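Heads up: the structure comes next, in structure tokens.
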Amino acid sequence: MKNKASYDVYLFGQVLGTHSFLLKDGFLQPDKYSEIAKQYFLPGGETGTAATVLASLGASVRMDGTWIGTEVAPMLKEFYAEKEVDLSSLTFTEDSGVMDYVVIAGSVRSPMGRFQTLFSTGERWWNIPREEDIACARAVAIDPYFREESILAARLCGKHGIPYVTIDSRHDSFLHRNAAVNVISHECTDQEYAGMAPEKVVELMQKETDGLTILTQGGGDILYARRGGPVRRRRPFSVNVRSTLGAGDTFKAGCVYGLLYGMDDEKLVRFASACSAVAISRFPLSLNPPKLEEVQALLE
């Protein structure tokens with residue numbers, strides 16, 4: 001039996017500290033000096049960023065996932081202290097913690113980290129999702145990177161009848177087949193469906209689920225479809241791009257918000273696109289997340 005919801009959204013996935021560097025005069029060039037205009041150390045990761053955005057939109061959030069180390073924990077706790085984001089399910093460890101480093105110049109960015117090394121160890125550095133956390137939410141988002149634990153989160157959503165959003169999950173995966181929404185990035189299509197036209201990728205994916213498949217292409221058209229229906233298109237909103245860091249994570253957060261409030265497919269895609277457009281118009285996103293009134297103004 002589903003418990004009464006005690007928060008709006010449960011998020012499971014990557015939560016980390018992001019060191020971001022906004023360059024002054026274009027992107028890095030070999031053997032040339034680059035001036036740093038601004039730099040920050042703030043919450044990041046697909047789940048961390050989505051939590052920040054959803055809280056800004058007015059949703060209450062509990063998040064879980066990556067273990068949080070000693071260098072990340074103080075920043076994370078201080079950042080969320082006055083926000084509707086519950087950190088009580090996270091595990092805090094005695095190592096330095098998971099971090100990434102992102103160099104940004106307008107619409108171009110390059111992330112750096114040690115994720116290949118971390119995943120190659122075969123050891124788990126994230127939590128096992130708790131059933132009671134999922135049962136107490138109205139909507140869920142699940143990052144696909146945490147192997148059996150990501151699948152467990154999806155199974156628990158099914159058990160309690162709670163819809164979830166996922167990202168970059170293949171057409172033949174459990175996460176895709178059972179998701180309410182799966183958002184596919186062009187990074188995923190480049191890696192998993194190299195050489196396939198975007199329309200063909202969506203057609204392949206829509207056959208495998210009753211949920212909504214959305215394919216984003218940066219500044220290109222957003223494609224979306226359901227089983228048996230046509231592949232639809234929507235142009236992204238046009239804004240002055242300050243930084244694309246967190247654009248996809250914000251789009252995911254917009255989908256979760258749309259799911260939370262029962263938006264139909266067109267409204268959900270349009271809302272998520274507007275959230276992402278607001279996000280890329282400022283830097284840093286974590287200190288300037290989209291507010292609901294800003295998104296609604298862009299939609300109007």
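The values are calculated or read from the model by the stated rules, or taken from the named source; none is laboratory data. This structure is a prediction, so every number in the text was calculated from the model and none was measured. Please note: Cβ atoms are built from the backbone with ideal geometry, for glycine as well, and neighbour counts cover all protein chains shown.
Checking the structure you have, find out if any residue of the range 238-248 is touching a Pro at 6+ places or on another chain (Cβ under 8 Å) and under 28 Å from Leu22 (Cβ atoms). Outline the logic, then answer.
Within the range 238-248, the subset touching a Pro at 6+ places or on another chain (Cβ under 8 Å) is 243, 245.
Retained after the next criterion (residues that are under 28 Å from Leu22 (Cβ atoms)): 243, 245.
Within the range 238-248 (the criterion being touching a Pro at 6+ places or on another chain (Cβ under 8 Å) and under 28 Å from Leu22 (Cβ atoms)), the answer is yes, since at least one residue qualifies.
What pairs come out if I take residues in the range 145-157 that are touching a residue at least 60 places away in the same chain (Cβ under 8 Å) and pair them with residues that are assigned to a helix (DSSP H, G or I) whose C-beta lies under 7 Å away, six or more apart or interchain?
Cβ pairs passing all conditions: Ser150/Leu175; Ala153/Ile134.
For the range 121-136, what are the residues that are more than 15 Å from Met63 (Cβ to Cβ) and touching a strand residue (DSSP E or B) at 6+ places or on another chain (Cβ under 8 Å)?
Trp125
Condition check ((1) out of contact with any helix residue (DSSP H, G or I) (no Cβ under 7 Å at 6 or more places or on another chain); (2) part of a helix (DSSP H, G or I)) across all residues:
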site	(1), (2)
Pro74	yes, yes
Phe79	yes, yes
Ser89	no, no
Glu94	yes, no
Asp100	yes, no
Val103	yes, no
Gln116	yes, yes
Glu132	yes, yes
Leu152	yes, yes
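Given the structure, is Val202 out of contact with any helix residue (DSSP H, G or I) (no Cβ under 8 Å at 6 or more places or on another chain) and hydrophobic (A, V, I, L, M, F, W, C)? Write out each step before concluding.
On the way: out of contact with any helix residue (DSSP H, G or I) (no Cβ under 8 Å at 6 or more places or on another chain): yes; hydrophobic (A, V, I, L, M, F, W, C): yes.
Against the criterion (out of contact with any helix residue (DSSP H, G or I) (no Cβ under 8 Å at 6 or more places or on another chain) and hydrophobic (A, V, I, L, M, F, W, C)), Val202 qualifies.
Filter the range 221-247 for residues that are among the hydrophobic types (A, V, I, L, M, F, W, C) and either loosely packed, with under 15 Cβ neighbours inside 10 Å or part of a loop (DSSP other than H, G, I, E, B) (or both) and give the result. Write out each step before concluding.
Taking the range 221-247 and keeping what is among the hydrophobic types (A, V, I, L, M, F, W, C), we get 222-223, 225, 231, 237, 239, 241, 245, 247.
Within the range 221-247, Val231, Phe237, Val239, Val241, Leu245 meet the criteria.
Specify the residue that is surrounded by the fewest Cβ atoms within 10 Å (Cβ to Cβ); the eligible residues are those in the range 105-140 that are among the hydrophobic types (A, V, I, L, M, F, W, C) and either free of Cβ contacts under 8 Å to residues at least 60 places away in the same chain or in contact with a Pro (Cβ under 9 Å, 6 or more places away or on another chain) (or both). Please lay out each step first, then the result.
Residues of the range 105-140 that are among the hydrophobic types (A, V, I, L, M, F, W, C), as a first pass: 105, 108, 112, 115, 118-119, 125-126, 128, 134-137, 139-140.
If we keep only those that are either free of Cβ contacts under 8 Å to residues at least 60 places away in the same chain or in contact with a Pro (Cβ under 9 Å, 6 or more places away or on another chain) (or both) as well, we get 112, 115, 118-119, 125, 128, 139-140.
On the way: Met112: 11, Phe115: 14, Leu118: 13, Phe119: 13, Trp125: 17, Ile128: 13, Ala139: 25, Val140: 26.
Ranking the candidates gives Met112 first.
Identify all residues within the range 163-191 that are out of contact with any helix residue (DSSP H, G or I) (no Cβ under 8 Å at 6 or more places or on another chain), of a type in the set (D, E, K, R) and touching a residue at least 24 places away in the same chain (Cβ under 8 Å); write none if there are none.
Correct list: Asp172, Arg177.
For Ala194, work out the one condition from (1) farther than 28 Å from Ile68 by Cβ; (2) in contact with a Ser or Thr (Cβ under 7 Å, 6 or more places away or on another chain); (3) hydrophobic (A, V, I, L, M, F, W, C) it doesn't fulfil.
(2)
Residue under question is Leu260, and the condition is that it be touching a helix residue (DSSP H, G or I) at 6+ places or on another chain (Cβ under 7 Å), at pLDDT 95 or above and either of a type outside the set (S, T, N, Q) or surrounded by fewer than 24 Cβ atoms within 10 Å (Cβ to Cβ) (or both); does it hold? Let's see the steps before the verdict.
Values: touching a helix residue (DSSP H, G or I) at 6+ places or on another chain (Cβ under 7 Å): no; at pLDDT 95 or above: yes; either of a type outside the set (S, T, N, Q) or surrounded by fewer than 24 Cβ atoms within 10 Å (Cβ to Cβ) (or both): yes.
Spelling it out, it is not the case that Leu260 is touching a helix residue (DSSP H, G or I) at 6+ places or on another chain (Cβ under 7 Å), at pLDDT 95 or above and either of a type outside the set (S, T, N, Q) or surrounded by fewer than 24 Cβ atoms within 10 Å (Cβ to Cβ) (or both).
Restricting to the range 154-175, count the residues that are closer than 21 Å to Leu260 by Cα, out of contact with any Gly (no Cβ under 8 Å at 6 or more places or on another chain) and not in a loop (DSSP other than H, G, I, E, B).
Result for the range 154-175: 11.
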